[in-house]
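A short write-up of the structure that comes next.
All of the numbers you see were taken from the coordinates with simple rules; none came from a lab. Worth saying up front: this structure is predicted, and the values here are computed from it rather than measured. Cβ sites come from the backbone with ideal geometry, for glycine too, and all protein chains shown count toward neighbours.
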Amino acid sequence: MSIEISALTTENYPGFAAHIRRHCRESGKDGYYFMPFIPDDPDQPKGVEIEKLSLPLNNPHWQRGFVAIDMSSGRTIGHVDLKGERLKTMLHRCELGLGIEEAWRGQGLGKKLLQTAIEYARSIQQLEWMDLSTFASNTKAQALYRSMGFEQTCVIREKFRINDVLIDDIGMTLRLK
Ligand SMILES: CC(C)(COP(=O)(O)OP(=O)(O)OC[C@H]1O[C@@H](n2cnc3c(N)ncnc32)[C@H](O)[C@@H]1OP(=O)(O)O)[C@@H](O)C(=O)NCCC(=O)NCCS
């Protein structure tokens, strides 16, 4: 298979947006929830907002991303995103999001995208911590994050209720420098 990882730009954003729509529909399939949204609710995550891609990194709410593109079809099949925090006093931290479409999981792509995001964040002088949250039930994701050095910081019991499923949420963090 030939998969290319590229920075998310305004040019490849439409392919990314289509991938996010497909990926959102997968959450909850066979009981594997990974997004805090009710399937089929029109209120779904955007992943990254195109206008925030160009915000400077010293501006709260900046966003950046990388996409994995299957070169044989031109289809975006995975992404990783980094988001700046909402306060100027938190600009040394960023928040990570990651997702691979089902057919492409378990082939090393999640790890590759995560490594790309960590390498990028380490190259940015101001960034010292990378944070994320993941459902307690998402043991696959936690194993990946732990293998890359993330440590658990907290558990919030029943943070989400998706229909009648109660979901505990886990906070994890990685010291970048
Ligand atoms: C979690 C996710 C990003 C992992 O990506 P992936 O491409 O499937 O993972 P990789 O093939 O790169 O594997 C990396 C590591 O993940 C863990 N992992 C992957 N699949 C696993 C499985 N079925 N069971 C347990 N651990 C698993 C392992 O630690 C693995 O490392 P190893 O191969 O050295 O054992 C992917 O499954 C996914 O997109 N899931 C849905 C969305 C999601 O959960 N996003 C994260 C929300 S916080």
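The protection proxy used here, the mean number of other Cβ atoms lying within 10 Å of each residue, ranks peptides 68-81, 7-20 as follows, highest first: 68-81, 7-20.
The antiparallel fraction among DSSP beta bridges confined to the chain stands at about 90%. Let a ≥ b ≥ c be the square roots of the eigenvalues of the Cα gyration tensor of the chain; is it rounded (a/c under 1.5), or, if not, prolate (a/b larger than b/c) or oblate? Rounded shape, in that the Cα axes give a/c under 1.5. Region 1-17 and region 66-92 have their alpha-carbon centroids 9 Å apart.
Residues whose amide H lies under 5 Å from that of Glu85, counting only those 5 or more places away or on a different chain, are His61, Arg93; hydrogens are built 1.01 Å from N in the peptide plane.
Calculated [222 nm] ellipticity per residue, helices only, for the chain: -6500 deg cm²/dmol; basis is -39500 (n - 2.57) per DSSP H run with n ≥ 4, divided by all residues, nearest 500. Taking all C-alpha pairs of region 73-152, those more than 23 Å from each other amount to 23 percent.
Computed about its Cα centre, the charge dipole of the chain is approximately 420 debye, with only Lys, Arg, Asp and Glu carrying charge at their Cβ. Cross-linked pairs Lys52/Lys159; Lys83/Lys159; Lys83/Lys111; Lys29/Lys159; Lys88/Lys112; Lys29/Lys83: Cα-Cα separations exceed 25 Å for Lys52/Lys159; Lys88/Lys112; Lys29/Lys83.
For the pair Ala18 and Thr139, label points projected 7 Å from Cα toward Cβ lie 3.6 nm apart.
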